[in-house]
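Below is one structure, written out as structure tokens; comments come after it.
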Amino acid sequence: MSSHASRRGIEAVSAAVLAMSRHLEVREVLQTIVGSARELLDAEYAALGVPDDHGGFAQFVVDGISDEQWKAIGPLPRQHGILALMLSEATTQRLPDVRKHPSFDGWPKAHPDMTDFIGMPVVDGEEVLAALFLANKRCPTPVDVCGFTEEDEALLRILAAHAAIALVNARLYERSRELTLVGERARIAHELHDAVSQKLFSLRLTAQAAAALVDRDPARAKDELRQVAALAAEAADELRAVVVEMRPAALDEDGLVAALRSEVQVLGRAHAASVEFTTARLRALPAAQEEAVLRVAQEALHNALRHSGAAAVTVRLQGRATGAVLTVTDDGCGFDPSVVRRAGRHLGLVSMRDRASGVGGSLTVQSAPGKGTVIEMEVPGG
């Protein structure tokens, strides 16, 4: 490599590293890594996959492919063929024609055609954080052979090292933010406990004073009882305030439908199962009902994706004349609800029923071994 080309390569890597350092969200960092790698190596296509624990990818971002093409390609790829080599063995692959590799086993119908290929793992110590893939090197002039070079591989290795740092930092940032939120909620709960405990203590003393004065000084007893009512109202206000503060932020910012759709999309990318969400004729619900619906949906999805072995899970939220119905259906292993209850393993069913009844609703569970599970929650409107 000439000194001019070397300097240009270093400048390009430097620009890519600066671009990655500007972002703290994991998704943004992943997208920046992919775009930087594609620009750095002047490739037609680039992708980056983050492995999950189920033989697939928790996240997969692409550059050079339109949204329409990406949707047409279908579900996230599994870890097989060339992808598996980089993820399981942490090895770099630079190939003149990926289609001729022994591990190549084809692409989905809508997948673009690719020839020359380079793939490199993004590692932190011994952990494979992700794998970068680039295909179809662009050459400045027509040549007989156009493909990724040793210099390209060296530049990509530098970028991958910095990408690992950026990705670890982004994960730490998101974890820190989660812990901050947990800490803030703990603080709110502590303040609530102190404030309401004081109110209840005063309430009890005032009620005892009123009871002692009923016979000998009815007028003063009435004053004390009025104070009891005022203290009870203040305690109720404290409780309502903390419920509002601890309400999921996504509900306030985006509403129930958007919050549920986002939850389903994230889980669909993080798990091997297909997760779908549909909604129909839904009207706005009171805040308490919206939160209860979201929490039950989260619990039901957790059960379906973590415990049932389902291949497909559907979430449906349908409006009714007097409220809404949430239905979470999976085709997993199912269970006998009565046996689970007797064994003391409720799979969150008790908390889901409590949430439903707490807002005046109801929850039903239909399941049997080998028959999947249907959880339905109905809540009234305002």
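Candidates in segment 124-146 are the residues that are charged (D, E, K, R) and part of a loop (DSSP other than H, G, I, E, B); of these, the one that is surrounded by the most Cβ atoms within 10 Å (Cβ to Cβ) is Arg138.
Residues in segment 212-240 that are at pLDDT 75 or above and acidic (Asp, Glu) were compared, and the one that is most open to solvent (accessible area, probe 1.4 Å) is Asp215.
The residues listed here are Gly348, Gly344; of these, the one that is open to solvent by less than 70 Å² (accessible area, probe 1.4 Å), at pLDDT below 85 and closer than 23 Å to Ser262 by Cα is Gly348.
Would you confirm, using the coordinates I've provided, whether Val315 is open to solvent by less than 50 Å² (accessible area, probe 1.4 Å), part of a helix (DSSP H, G or I) and either at pLDDT below 90 or not hydroxyl-bearing (Ser, Thr, Tyr) (or both)? Here the answer is no, as Val315 does not meet what is asked. Checked against the criterion of being hydroxyl-bearing (Ser, Thr, Tyr), in a helix (DSSP H, G or I), touching a helix residue (DSSP H, G or I) at 6+ places or on another chain (Cβ under 9 Å) and surrounded by fewer than 18 Cβ atoms within 10 Å (Cβ to Cβ), segment 163-176 has at least one qualifying residue.
The values are calculated or read from the model by the stated rules, or taken from the named source; none is laboratory data. Computed from a predicted model, the values in this text were never measured in an experiment. As a convention, Cβ positions derive from the backbone with ideal geometry for all residues, glycine included, and neighbour counts pool all protein chains shown. Note: accessible area is taken over every heavy atom of the protein model, side chains too, but ligands, DNA and RNA are not part of it. Shrake-Rupley method; radii C 1.70, N 1.55, O 1.52, S 1.80 Å.
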